[in-house]
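Quick notes on the structure that follows.
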Amino acid sequence: VRDALLHHLLVGSPSEDRLLMEKYLPGPPTDGLFYVFALAMAFQERETAKEGEVSRRKRVLSALKQTFGGRMLTVIPTKGGTHVFITLPLAEDAHLQLCRDLTRTVDHLANTCPGGMVLLAGGSGASQMDWISRSHQEALRLLAYRPADAAYAFLSTPASDDPAPLFPRDCAGTLLSLIHGDRPEDALDYVKDLLDRLRQSGCSAKAFTQG
């Protein structure tokens, strides 16, 4: 029942039965915030290693569950092959420590479960369960707009409440000016520069919008 209610909250359609929510879900915390982390993973399909692929998926989930430990409320499989981890209320210091622990775990998985992709993204905190859908959407957006060369990575939102735009704020205006200018090749160079920055190792959305 609890996970079914949480799934409704994650997709932004909370149950109308407030009594069920009050019975099975944690109330607003007196200290700390709830956090949502989305996991996407894939491994190369080889006919001789299909059983190995299943094993690696289980090992990834097991390693992450162990890292979350007592800080995790639950993990829910969702459509599209992703898994969503929801934490218990965490203070800021505890959340930062969890992010450091998860970064180390994902880095370690690159060695213990190679040959695939393991991406874990965390959204910003929510002060009550009704608002975890925003954190979930932020995590999914980080997965969708991850660095082009990311294979094993932990991704998190910027520290500010307003996530950085995925492209430079003046991108459209700059590109239009170059297209209509005397040197259309400058427009092509500008687009190439944007793509090059996106492909840089470790290039985050925030770094991509600077300069």
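Starting from segment 53-81, keep only residues that are under 16 Å from residue 36 (Cα atoms) and modelled with pLDDT of 95 or more, then list their pairs with residues that are open to solvent by 80 Å² or more (accessible area, probe 1.4 Å) and not hydrophobic (A, V, I, L, M, F, W, C) whose Cβ atoms are within a distance under 9 Å, requiring at least 6 positions of separation or different chains.
67/104
As an exercise: evaluate residue 110 against (1) farther than 30 Å from residue 20 by Cβ; (2) at pLDDT below 90 and give the number of the one condition it does not meet.
All conditions pass for residue 110, except number (2).
Could you check residue 118 against (1) more than 23 Å from residue 29 (Cβ to Cβ); (2) of a type in the set (A, V, I, L, M); (3) surrounded by fewer than 19 Cβ atoms within 10 Å (Cβ to Cβ) and say which number it fails?
Just one mismatch for residue 118, condition (3).
Would you call residue 124 crowded, with 19+ Cβ neighbours inside 10 Å, assigned to a loop (DSSP other than H, G, I, E, B) and modelled with pLDDT of 70 or more? Even if it seems obvious, please write down each step before you answer.
Details: crowded, with 19+ Cβ neighbours inside 10 Å: yes; assigned to a loop (DSSP other than H, G, I, E, B): yes; modelled with pLDDT of 70 or more: yes.
Taking the combined requirement at face value, the residue satisfies it.
Go through segment 57-98 and report how many residues are assigned to a helix (DSSP H, G or I) and either among the β-branched types (Val, Ile, Thr) or surrounded by 19 or more Cβ atoms within 10 Å (Cβ to Cβ) (or both). First the steps, then the outcome.
At the first step, the residues of segment 57-98 found to be assigned to a helix (DSSP H, G or I) are 57-71, 92-98.
Within this subset, residues satisfying the condition of being either among the β-branched types (Val, Ile, Thr) or surrounded by 19 or more Cβ atoms within 10 Å (Cβ to Cβ) (or both) are 60, 64, 67-68, 95, 98.
Qualifying residue count for the region: 6.
Given the criteria at pLDDT 85 or above, over 25 Å from residue 28 (Cα atoms) and open to solvent by less than 40 Å² (accessible area, probe 1.4 Å), does residue 101 qualify? Step through it out loud before you land on a result.
Details: at pLDDT 85 or above: yes; over 25 Å from residue 28 (Cα atoms): yes; open to solvent by less than 40 Å² (accessible area, probe 1.4 Å): yes.
Spelling it out, residue 101 is indeed at pLDDT 85 or above, over 25 Å from residue 28 (Cα atoms) and open to solvent by less than 40 Å² (accessible area, probe 1.4 Å).
The values are calculated or read from the model by the stated rules, or taken from the named source; none is laboratory data. Source: prediction; values computed, not measured. A quick note on method: Cβ atoms are made from the backbone with ideal geometry, for glycine too, and the neighbour counts reach across all protein chains shown. SASA here: full protein model, heavy atoms, side chains in, ligands and nucleic acids out. Shrake-Rupley method; radii C 1.70, N 1.55, O 1.52, S 1.80 Å.
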